[in-house]
1. What percentage of all Cα-Cα pairs in the range 42-182 are separated by more than 27 Å?
2. Name the residue from M178, F158, N108 whose Cα lies farthest towards the positive end of the charge dipole of the range 72-216, charges +1 on Cβ of Lys and Arg and -1 on Cβ of Asp and Glu.
3. Got the relative contact order for the range 30-124 handy, in percent, Cα pairs under 8 Å and 6 or more residues apart?
4. Rounded to the nearest 500 deg cm²/dmol, what is the calculated helix-only ellipticity per residue at 222 nm for the chain, with -39500 (n - 2.57) per DSSP H run of length n ≥ 4?
5. Can you compute the charge dipole magnitude of the chain about its Cα centre, using +1 on each Lys and Arg Cβ and -1 on each Asp and Glu Cβ, nothing else charged? Give it in debye, rounded to the nearest 20.
6. Roughly what % of DSSP beta bridges within the range 3-214 run antiparallel, to the nearest 5?
7. Could you check which residue among G168, G56, G70 shows the biggest mean-square fluctuation in a GNM of the chain with a 10 Å Cα cutoff?
8. Per residue and in cubic angstrom, what volume does the convex hull of the Cα atoms of the range 46-106 have?
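Each reported figure results from applying straightforward, stated rules to the coordinates on display, with no laboratory input. Keep in mind it's a predicted model, so treat the numbers as computed, not measured. Every residue, glycine among them, receives a Cβ derived from its backbone with ideal geometry; neighbour counts consider all protein chains shown.
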Amino acid sequence: MSNYELNDFDYEKHWNNAYLKSPIQNLGWYEENPSATISLIEKCNLPKDALLFNAGAGATSLIEYLLNDGYSNIIVNDIASAALTELKNTLTNHHNTKLEFIVDDLVNPKELTKLKNIDLWIDRAVLHFFTDDSEQKKYFDLLKKVLKPNGYVILAEFNLEGAKKCSGLDVCNYSVEMFQERLGDDFKLIKSFDFTYIQPSGNPREFVYSLFQRML
């Protein structure tokens, strides 16, 4: 049975509780240095005022890195308000920037459907939690709706050899070919690589990172 067959499961509550009960540095997905994601962002060669969207960001350290690198137009999303509150409290360099926080569900969006002209969609470890085909379709429908022509997509999820659960939830493991199938022929693969992430606990987690560009 997949996560989303449990229709009464409260994912908003689940992720809020995860951030409320543990320091962010102890959470299994916390990255002190998001170097793998940054390497793909750099390949996009975007202007510093490009519109970046971080899907399911949690309390990621990536936003601080982006601000320090001069990016000034960032939308940060998560289903858990506690995660975004924690993130806001960690940011030290957000003057003269357009930084927007949106609490919303990527597969049942309300506010996110209003977005447009996203230059770069960034997803590290979110898509793999959508184990049902219909939820995956909603995710990619939203991505394609808000991403501008020639825009970029970074998808970093558990690879086929990776963990089958995270935070007590089932996951869907991915390959680059699976990303391509779901994105469709309008997207071109720019770069991909496997990456071993080491959790704060010391356990390894096997990821596949990919960068695609929309061609139409």
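1. 19 percent
2. Of the candidates, N108 comes out farthest on the positive side.
3. Once divided by the residue count of the range 30-124, the mean separation gives 34 percent.
4. Counting only the DSSP helices, I get -8000 deg cm²/dmol.
5. Charge dipole of the chain: 520 debye, to the nearest 20.
6. DSSP beta bridges in the range 3-214 are roughly 50 percent antiparallel.
7. In this elastic network of the chain, the residue with the biggest mean-square fluctuation among G168, G56, G70 is G168.
8. Residue-normalised Cα hull volume stands at 68 Å³.
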